[in-house]
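Heads up, the thing below is written out as structure tokens.
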Amino acid sequence: MGGASVLGGVARVSVSIVVIIMELTGGLEYLLPVMVAVTLSKAVGDMCGVRSLYREMIDVKELPYLDTRYMP
């Protein structure tokens with residue numbers, strides 16, 4: 001659960017992290033605790049106002065990026 005929480009907080013993707021962790025471990029009895037841990041880590045990261053690691057790396061490397069606020 002700790003690894004899933006770290007990935008959820010850093011990458012800010014919740015559903016795909018839960019699916020990946022469940023596929024790797026094969027332990028469906030841990031589905032609910034992993035979902036709660038990933039959701040909480042994403043919520044805490046969003047409340048802190050810090051962007052995801054991947055978005056920060058795009059800005060550091062000055063790569064072209066189409067932001068979602070410009071999409072109709």
Exercise. Under the condition of being among the small types (Gly, Ala, Ser) and within 21 Å of Met57 (Cα to Cα), which residue from segment 5-30 is surrounded by the fewest Cβ atoms within 10 Å (Cβ to Cβ)?
Worked result: Ser16
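Taking the criterion of being touching a residue at least 12 places away in the same chain (Cβ under 8 Å), touching a helix residue (DSSP H, G or I) at 6+ places or on another chain (Cβ under 8 Å) and at negative phi, would at least one residue in segment 58-72 satisfy it?
Quick first cut of segment 58-72, residues touching a residue at least 12 places away in the same chain (Cβ under 8 Å) only: none.
No: segment 58-72 contains no residue that is touching a residue at least 12 places away in the same chain (Cβ under 8 Å), touching a helix residue (DSSP H, G or I) at 6+ places or on another chain (Cβ under 8 Å) and at negative phi.
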Exercise. Quick one: how many residues across segment 44-72 are out of contact with any Ser or Thr (no Cβ under 9 Å at 6 or more places or on another chain) and either assigned to a helix (DSSP H, G or I) or charged (D, E, K, R) (or both)?
Worked result: 19
Exercise. Just checking, how many residues over segment 20-42 are within 30 Å of Asp67 (Cβ to Cβ), modelled with pLDDT under 90 and of a type in the set (A, V, I, L, M)?
Worked result: 2
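I need the full set of residues from segment 1-42 which are in a loop (DSSP other than H, G, I, E, B) and of a type in the set (Ser, Thr, Tyr), in order please.
Within segment 1-42, just Ser14 meets the criteria.
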Problem set entry | segment 31-47 - residue that is over 20 Å from Met57 (Cβ atoms) and touching a helix residue (DSSP H, G or I) at 6+ places or on another chain (Cβ under 8 Å) and, of those, surrounded by the most Cβ atoms within 10 Å (Cβ to Cβ) | Val38
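Asp67: loosely packed, with under 12 Cβ neighbours inside 10 Å and at pLDDT below 85, yes or no? Write out each step before concluding.
Numbers: loosely packed, with under 12 Cβ neighbours inside 10 Å: yes; at pLDDT below 85: yes.
For Asp67, the condition - loosely packed, with under 12 Cβ neighbours inside 10 Å and at pLDDT below 85 - is met.
The values are calculated or read from the model by the stated rules, or taken from the named source; none is laboratory data. Computed from a predicted structure; not experimentally measured. All Cβ positions, even for glycine, are placed from backbone atoms using ideal geometry, and neighbour counts span all protein chains on display.
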